[in-house]
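Q: First the structure, which I've put down as structure tokens, then a few questions once you've had a look.
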């Protein structure tokens, strides 16, 4: 099965999942779903993947579901997130129910990034894991990361949808170059290890072992990042070196955040993939300078350390699901 076919099957599984949990599925649709699942082993595997991931995401949210809506309604909100055009009319008919369900679904999204269910490999909140590739390379995925993988006879390409990864590249550059693609461009590994992180407006690259060649999405601008260095590439194709050493940019592989010249906003941004909940920081507090090394796997410890050393207040609500940070 090709990567495109596998992606299409996962999309079909998502569509069936939305129908199955919408609360309005007919007997004919249930029979059609059963036939689709039985038609090919890949269909059943895709169904197990997306339904199992959603169930794991919703399981810790029983108290919220009891207060704000059923899991079926939350799944309707899931449909709005993954297939907005297809679900808009049905959801419009139940605005109040969906409002509560959407909140539950949003909480589920904080545990497992729901659009990532369509990716070849993904991680949940606070999860890092290693993915072995067919060519012998390995990907270390940061928390809340989603990737598509295409290893072929003439190329090796990874599409980083969201999050960050470290690629440990197996030697084969002469016949099959290794590239990590994002919406802003591509990072071509000239060595054996590189780190790539994608954000809304730009992509960060760090050369951990030998150099990395950057290619802007417009195909016009290129640059080489030397070993131990890092760079940003934005939506306009501008490539900017970063003063932060590559080792610090990749400190998340050890569960740490290393900042030499950062702000509180940088810390919060790094903590969000590791915290099952929401962190709001006021604009004034976000600008505070921060220097140090902080644990990512214990966000409560990091938040307390920040409260102890910065002129801020850290307030927790709903058992820590909501955190508000303001100037003291």
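A short reminder: the numbers here are calculations on the coordinates, not readings from a lab. Because the structure is a prediction, the values reported are computed rather than measured. Don't worry about glycine lacking a Cβ; one is built from the backbone with ideal geometry, like all the others, and counts go over all protein chains shown.
Q: Quick one: which of 198-208, 262-272 comes out on top by average Cβ neighbours within 10 Å, and what's the full order, highest first?
A: Ranking, from highest mean packing down: 198-208, 262-272.
Q: Continuing with the same structure: What order do you get for 309-322, 290-303 when each peptide is scored by the mean count of other beta carbon atoms within 10 Å, highest first?
A: Output ranking for 309-322, 290-303: 290-303, 309-322.
Q: Still on this structure, please answer the following. Using a ≥ b ≥ c from the Cα gyration tensor of the stretch 255-327 (square roots of the eigenvalues), is it rounded, prolate or oblate, where a/c under 1.5 gives rounded and otherwise the larger of a/b and b/c decides, a/b for prolate? All intermediate terms of the calculation are to be shown ahead of the outcome.
A: Working: a/c = 1.65, a/b = 1.14, b/c = 1.45.
The shape class here is oblate.
Q: Would the stretch 121-249 count as rounded, prolate or oblate if I go by the C-alpha gyration tensor, calling it rounded below 1.5 in a/c and otherwise prolate when a/b exceeds b/c, oblate otherwise?
A: Rounded, since a/c falls under 1.5.
Q: Between the stretch 212-247 and the stretch 276-309, how many Å separate their Cα centres?
A: Cα centroid to Cα centroid, the span is 28 Å.
Q: Hull surface divided by four, with the convex hull built on the Cα atoms of the stretch 173-322: how many nm²?
A: Working: hull surface 38.9 nm².
Across all orientations, the stretch 173-322 yields a mean hull projection of 9.7 nm².
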